[in-house]
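One structure is given below, encoded as structure tokens.
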Amino acid sequence: MKISFRALLAGSLLAVLCQGATDPLAAVDPLIDEAVQSHLIPGAVLLVGHNNEIVYRKAYGLKAWLPEHEPMTLDTIFDAASLTKVIATTPSVMRLFEEGKLRIDDPVVKYLPEFQGGKSDITIRLLMTHFSGLPPDLELVPKWSGYQTGIEKALTIKPTGPPGVHFVYSDINFILMGEIVRRLSGQSLAEFAHDQIYAPLGMHDTEFLPSPALLPRIAPTEYEEENGMPFRGVVHDPTSRFMGGVAGHAGAFTTADDLAKYAQMLVNMGTLSGTRLFLPETVRKFTEPGSPADQPVLRGLGWDIDSPFSSNRGELFPIGSYGHTGFTGTSLWIDPNSHSFVIFLTNVVHLKRGNSLSSLRGRLATAIAASFGMTIPQDVAITGYRDTIAGAGAYRVIERNADTLTGLDVLEASGFRELKGKRVGLITNQTGLDRAARRDVDVMLGAGIHLTTIYSPEHGLSGTQDTDIGDTKDAQTGIPVVSLYEPNRRRLTAAQMENLDAVVFDIQDVGARFYTYSCTMLYALEEAGQAKKPFYVLDRPNPITGTHVEGPMLDKDLESFIGCYDMPLRHGMTFGELARMANAEQHWGADLHVIHMKNWLRGDWFDATTLDWVNPSPNIRSLNAALLYPGVGMLEYNTNYSVGRGTDAPFEQIGADWIKGQGLAAALNAQFIPGVRAYPTKFQPTSSNFAGQTIEGVRFVITDRESFDSTRLGIEIAVALQTLYPGKIDFEKCKGLIGNREMITALQQGKEAIEIYTAAQGEATKFAERRKAFLLY
């Protein structure tokens, strides 16, 4: 038996539907029952819609444990938490948009003139996609109260980064959007949403500040500290509570039946049972990707979205699935392509704050999606972002239906056709492996390529040495190995290429300007151009993505072997792309051939590929270390300071005999640096600075790598050290690593980290535009 929306609108409250052994959705019952029995959740309501009908609708477990047990019912009212953003604020903005009162790309200051202080570039779009650069939430200590107080705090808060650069899920964004609704409509968000959205759709149980008469139907949430009783009918979110219970980010209460009406309206592109609420164009605009085009995090205008990729270049189909989650345990996911939606509501915080619903939602998604062919992405819809109970950001990992192939793999598949009959010199190291973990040297020889000479970069052919490298021979083949990391020889010379017909470069980078492999490649490319020798780059992934570009830019007078090209600290390019850019901009005229990868997307992290990790150098031993490296490595040339060399976690921790770990961790965490936390630690390096000595410091944990900016962390570390321990860090010693005189001066003068970072990122943004003509993926 199924329920039509006509019956639902008429107030039908039938119980369990579609039960029976033949029901494909019966598999969800054991999953939710197990979650109830294990006390993961007290209870839940699940509702599934498909093809304009409710095909599953069931209540499980209890709505309340304490002060006494109360059974969960289908009409239970839940604190929607962050679902408020998409069931109250977003549709209210859609209404104002259709009325011509608001434009998505207008600056926020147009509607909120008090929104001053270097925030003129923040637009409505950036608020609604969480790319505004504003911090995650308002400070709650010391306690404050009042709607207007909250708005004033939101209007005057300082950004933590430039707009449009990083995804940082922020309640402040939607607090401001709720205020824009109030000012443009002349009604509170609660009143406007009721009149314009809930009443026309018949959502009679959805409202802010629910009536006391509804308390018996409301699922309680967490316990109040003052009286030891759970919140019931009072919003759980403390910021919304301080603001009086009506705010753009949280405060709405709703039921599964009401959410079903709302979801079906969106599936129907703006209509429900003959009532048109929005134009199809409006629904499409708000649910398609609206975040900056060069960012890997896909967001609609309010919604988290999953839009399928039509090719490895990332073109998008129109309207993928979209949804949102709430901290209290609520979730809504809509898939217009299969005409389906899933509503799963629970009050997980009633039992214990900290229980994660990720696994349960993932298993439910699998069961439901299998029944209807729905697109319910388990890395986004299931985990959410900041709405996860643990509070940490989710990683978006795109599952592959094909292997990632490096340039070496692609060339190997062709039988090395382009190198046949040529005398080849190969610049490589231990990272030059194919998918079968065979060395490029060996597969080339096996294919009959005349490989005459091997050239090795810093750390040698084996990638294990931390000193200058001399010439040697390859132990397995006897081929001469010429070092490009001797004190007086960093370049491939014309004489070394005299008997070559082609030079091939195959080395894995880590994505940081001062990692010397990039200069090894660029020097060789320049020399090959002058010698009129074809130069082949066998492209490999940028392990820390091709979308994150971070300053500062390199000054011309600070160029060296740890920075030899006009680019920012984190360049967001592959070596093939970098070679194309430098060859064109420097007018080297080299005969450059880039062998493209296959099945690599620009926003991919290394763990989204199907490639094996090989340590690119002795002290970059993980993807986390590679991500932290551009920031943590900025100050490394101070001999009285450790970046963790000689420990099991180089570049994941810092320390010195003059650092107090607790104080430094507290100072860094007080800055709310997006995507990272620091905690105090002690460690004893076995080599490098402070060898054999136990020192204090801090270790870093990445909480959200999409919002994390390694350069921002490096600047915050530098400012914190200068503030807490003046004069201990010599910034002039690090001029080659930092690469930017303006930044060095600002650090020496004790300027604020956010000011320094914003200036650097402005230059990096210009570079991101400059590089576009040379991107391959």
Query - For a label point 7 Å along the Cα-to-beta-carbon line of D121, residues of segment 734-777 with backbone N under 16 Å - result: 754-771
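At a threshold of 8 angstrom on Cα-Cα distance, excluding pairs fewer than six apart, so keeping six or more, what relative contact order does the chain reach in percent?
On the way: 1718 pairs, mean separation 81.5, N = 777.
Result for the chain is 10 percent.
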**Report entry** Under Karplus coefficients 6.51, -1.76 and 1.60, residue-wise ³J(HN,Hα) of segment 142-159 in Hz, glycine/proline x
**Finding:** x, 4, 9, 8, x, 4, 5, 4, x, 5, 4, 5, 5, 5, 9, 5, 8, x
Query raised in the report: Counting only protein heavy atoms and using a 1.4 Å probe, what share of the accessible area of the chain belongs to carbon plus sulfur, as a whole percent?
Result: 51 percent
Requested in this report: Can you tell me the FRET efficiency between E53 and K285 if r is taken as the Cβ-Cβ distance and R0 is 25 Å, rounded to the nearest 0.05?
Outcome: 0.35
Requested in this report: Return a whole-number percent for the relative contact order of segment 394-532, with Cα pairs under 8 Å and 6 or more residues apart as the contact set.
Outcome: 24 percent
**Report entry** Shape parameters for segment 444-537, alpha-carbon atoms, Rg then Dmax in Å
**Finding:** 13.1, 36
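Compute the length gained on full extension between V410 and W613: take 0.36 nm times their separation in residues and subtract their Cα-Cα distance, giving the result in nm to one decimal.
Roughly 71.2 nm would be gained on extension.
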Query raised in the report: Ranked highest first by the average count of other Cβ atoms within 10 Å around their residues, in what order do 525-535, 579-589, 76-86 fall?
Result: 76-86, 525-535, 579-589
**Report entry** Net charge contributed by nearby residues that have their C-beta within less than 9 Å of H166 (K/R +1, D/E -1)
**Finding:** -1
Query raised in the report: Classify segment 161-298: rounded, prolate or oblate, from the alpha-carbon gyration tensor (a ≥ b ≥ c, eigenvalue square roots; a/c under 1.5 rounded; otherwise prolate if a/b is larger than b/c)?
Result: oblate
Query raised in the report: What nm distance separates the two modelled labels at T694 and S273, each placed 7 Å from Cα along Cα→Cβ?
Result: 7.1 nm
Query raised in the report: Which FRET efficiency value, to the nearest 0.05, do you get for R103 and N640 by plugging their Cβ-Cβ distance into 1/(1 + (r/R0)^6) with R0 = 60 Å?
Result: 0.65
Query raised in the report: What length, rounded to one decimal in nm, is gained on full extension from T493 through to Q748, with 0.36 nm per residue of separation minus their alpha-carbon distance?
Result: 87.8 nm
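Calculated FRET efficiency, A27 and S356, Cβ-Cβ r, R0 22 Å, to nearest 0.05?
Values: r = 21 Å, r/R0 = 0.97.
In this case the efficiency is close to 0.55.
I'd like the per residue volume of the convex hull spanned by the Cα atoms of segment 690-777, given in cubic angstrom. Could the numbers behind the result be given before it?
On the way: hull volume 14.5 nm³, N = 88.
About 164 Å³ per residue, rounded to a whole number.
Could you compute Rg(Cα) / (2.2 N^0.38 Å) for the chain, with N its residue count? Walk me through the numbers on the way to the answer.
Numbers: Rg = 28.6 Å, N = 777, 2.2 N^0.38 = 27.6 Å.
It is 1.04.
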Requested in this report: Using the heavy atoms of the protein chains and a 1.4 angstrom probe, tell me the accessible area per residue for the chain in square angstrom.
Outcome: 36 Å²
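The values are calculated or read from the model by the stated rules, or taken from the named source; none is laboratory data. Note that the structure is a prediction, hence the values are computed from the model and not measured. As a convention, Cβ positions derive from the backbone with ideal geometry for all residues, glycine included, and neighbour counts pool all protein chains shown. These area figures cover heavy atoms from the full protein model, side chains too; ligands, DNA and RNA do not enter into them. Shrake-Rupley method; radii C 1.70, N 1.55, O 1.52, S 1.80 Å.
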